[in-house]
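The values are calculated or read from the model by the stated rules, or taken from the named source; none is laboratory data. Every value quoted in this text rests on a predicted model; they were computed, and no experiment measured them. Positions of Cβ are backbone-derived with ideal geometry, glycine not excepted, and every protein chain shown enters the neighbour counts. Side chains are part of the model used for accessible areas, which takes the heavy atoms of the whole protein and leaves out ligands, DNA and RNA. Shrake-Rupley method; radii C 1.70, N 1.55, O 1.52, S 1.80 Å.
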Amino acid sequence: MPGQFDAAYQRSITDPDGFWADAAEDIRWSRRWDRVLDDTNKPLYRWFVGGELNTCYNAIDRHVDEGRGDQPALIYDSPVTDTITAFTYREMQQRIARCAGALVQQGVQKGDRVIVYMPMVPEALITMLACARIGAIHGVVFGGFAAKELATRIDDAKPKLIVSASCGIEGKKIIEYKPLLDQAIEMASAKPARCIILQRPQVEAPLVPDRDVDWNTAMETAQPVDCVPVAATDPLYILYTSGTTGVPKGVVRDHGGHAVAMRWTMKNVYNVEAGDVYWSASDVGWVVGHSYIVYAPLLAGCTTILYEGKPVGTPDPGAFWRVISQHNVKVLFTAPTAFRAIKREDPDATHLARYDIGCLKALFLAGERCDPDTLSWAQEKLGVPVIDHWWQTETAWAIAANCIGIEQLPVKPGSPTKAAPGYDVRILDDETGEECERGKIGNICVKLPLPPGCLPTLWNNDEGYISSYLSRYNGYYLTGDAGYQDEDGYLYIMSRIDDIINVAGHRLSTGGMEEILAAHPDVAECSVIGAADQLKGELPVGLVVLKSGVDRSETDIVGELVQMVRSKLGAVACFKQAVVVQRLPKTRSGKILRGTMKKIADGSEYKPPATIDDPAILGEIGDALGRIGYAKT
Ligand code: COA
Ligand code: AMP
């Protein structure tokens, strides 16, 4: 019904207590909350204070109790191992209860942290939910990160236990996880007491005596345990994300607000209900995987799909259509880069003719800006609404979306539509902090409080939370994205205001890469920019100034730099290109002009800032980037 979205949105802003209390009725609580929103400790807010629940109960056991025990909860579809296995809610309950027992047997208690470093296998979800079952806090680390990144997260979370696997499978490559895990534990100061290791048939990992326990042995010797009630405000998980330096931020998620928001979004944002099949083609290591492979679809009683494969090459660009038709997928959620990969290999979508995907009702895209070309290609080929929505690790769900379960609004390519209920989005002027007029680019902020599900703080770091997000403008959360709102209230997300770049939907800090390059003995100074890439959105490119007197070959040095980023940060950074320059362009106060270099790399028009120290350097930068295939106009 027209106007229904605006009415829901208005209510969420003017009566957040009533709005979210209604949504909370869909969650099973072991103790009802005393207050919906606790604002007594501004700028930190808490949702559903006094309430008690168990997220695992709501995601799994509840559905068994309410008659969905025989419905598939999870379909594991793994073209890389030629496996398709379905697990009913009842089977998941049994496995999770036993896994929770194994965690307890290894000494894990409520409030303890468990790091999960696993590929896309059912055991990853089972471990996450087993943690939730006993009130332990999971910290999933994406498998594409190298040992040092894992070590940093181990030191911050100080886990009692790590759950990992012998290997991941990336297309045709086997990635051994165990050597990375062992190195990370070696580097970390906070050593876990135990590791549980899932031995996959592709690789048998050697186990460290007295520390490592085989997954199967741990499960066989464990007794199933029941769900324990936890406070709504207790942490469910920590998820690390890139900040403006090499040190990642530990985003905390609570139990109560998260469960309420997750379940609410399934119907209202995605128009998906209990019994429907929902597929998020992401990775459990990212927030999209946490929210939309694991928690939201299960909290809503859907069937979720865990896909261990790629959009192309496993085996062909028809892989997504095969999964949709084979499992009767109603809604698919992925990153635009996945569709760009399919489009590149099969521009006419000829593989679609082999499958009936009539079950698909909508495609949702997020993780990076969706270029209008990809959007219209997907719309034309699939014949369903293609919805761009905008969110971030910190929020766990969409800040802006076309909430098709409330009312489907017209799609404007290039815009993720309007602020979602609960988010009072304002565009603030970078300098004055005043609200920008419509059409003018500014910093995209959310007036506090953030809705349920969003981060209440950073792990053990309230001060870091306040200084990174809440102190730029009093009373507002700084998203870190810049953009504008049009006359109809549609949002346009244009760029980051910090040094974060987006590579194949993965959020990476160029500052973190610069720290690595700067450690090379021949490098005097460096900068990393995100240059536009047709497939991955952006790719990191290093510009390095060598120390005087260094006369080694550029190819050798660049090769070493590439290897350093790969081994310190991980393959996921896709850092493959760097170039030696004589000088870096700077302002007179010494600030490196990364934005200008990016424009040069992309062949976009640029105006050197008035404060530039020596404009002649820009020509040199253009020449250097030209040597490696950039700076084409
Ligand atoms: N474990 C170990 N290594 C991993 C990994 C994992 N979980 N995920 C990626 N990597 C490695 C890859 O093997 C690759 O290594 P290489 O340099 O040796 O080739 C590197 O990290 C880069 O991976 P990726 O960015 O995935 O590139 P790709 O070329 O293998 O695939 C796409 C390109 C577009 C098909 C792929 O990026 C994709 O499917 N993207 C979907 C986006 C997505 O899921 N985003 C998540 C947020 S919604
Ligand atoms: P992550 O925390 O990894 O999910 O990355 C969040 C960041 O990705 C956001 O702050 C944006 O910069 C970018 N992003 C995510 N979704 C979109 C989108 N739909 N449009 C534009 N940028 C997006």
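Take every Cα pair under 8 Å whose residues are at least 6 apart in sequence, average their separation, divide by the length of the chain, and the relative contact order is 12 percent. In angstrom, the C-alpha Rg and Dmax of the chain are 24.1, 74. Segment residue 42..residue 487, full-extension length gain: 157.0 nm, with 0.36 nm per residue of separation and the alpha-carbon distance subtracted. Close amide H pairs (under 5 Å, H built 1.01 Å from N) link residue 586 with 593, 613, 614, residues at least 5 positions away or on another chain.
Projected over all directions and averaged, the alpha-carbon convex hull of region 504-627 occupies 7.7 nm². Centre-to-centre, using Cα atoms only, region 22-46 and region 96-146 are separated by 26 Å.
Against the empirical 2.2 N^0.38 Å (N residues), region 388-434 has a Cα radius of gyration ratio of 1.29.
For region 504-627, the relative contact order works out to 22 percent when only alpha carbon pairs closer than 8 Å and six or more residues apart are counted. When each of the peptides 463-475, 110-122, 591-603 is scored by how many other beta carbons lie within 10 Å of its residues on average, the order from highest to lowest is 110-122, 591-603, 463-475. The spacing between region 267-284 and region 160-192, judged by their C-alpha centroids, is 30 Å.
Near the amide H of residue 495, within less than 5 Å, lie the amide hydrogens of 482, all on another chain or at least 5 residues away, with H placed in the peptide plane. Sorting the segments 265-272, 190-197 by their mean number of nearby beta carbons within 10 angstrom, highest to lowest, gives 265-272, 190-197. What is the diffusion coefficient of region 260-416 in µm²/s, taking the Kirkwood radius over Cα pairs and the Stokes-Einstein relation at 4 °C with a viscosity of 1.567 mPa s? Using the Kirkwood radius from Cα pairs, D works out to 84 µm²/s.
Amide H contacts of residue 214 (H built 1.01 Å from N, in plane; Pro and chain starts excluded): 197 sit under 5 Å, all sequence-distant by 5 or more or on other chains. Whole-Hz Karplus values for region 526-534 come out as 7, 8, 10, 10, x, 8, 4, 9, 5 Hz, taken residue by residue from phi with 6.51 cos²θ - 1.76 cosθ + 1.60 and θ = phi - 60°; glycine and proline positions read x.
Among 73-83, 148-158, sorting by the average number of other beta carbon atoms lying within 10 angstrom of each residue, highest first, gives 148-158, 73-83.
For residue 421, what charge total do you get from the other residues with a beta carbon under 13 Å from its beta carbon, if Lys and Arg give +1 and Asp and Glu give -1? Taking every other residue near residue 421 into account, the sum is -2. Considering only protein heavy atoms and a probe of 1.4 Å, how much of the accessible area of the chain is carbon and sulfur, as a whole percent? That fraction is 48 percent. Accessible area per residue for region 504-627, computed on protein heavy atoms with a 1.4 Å probe, is 46 Å².
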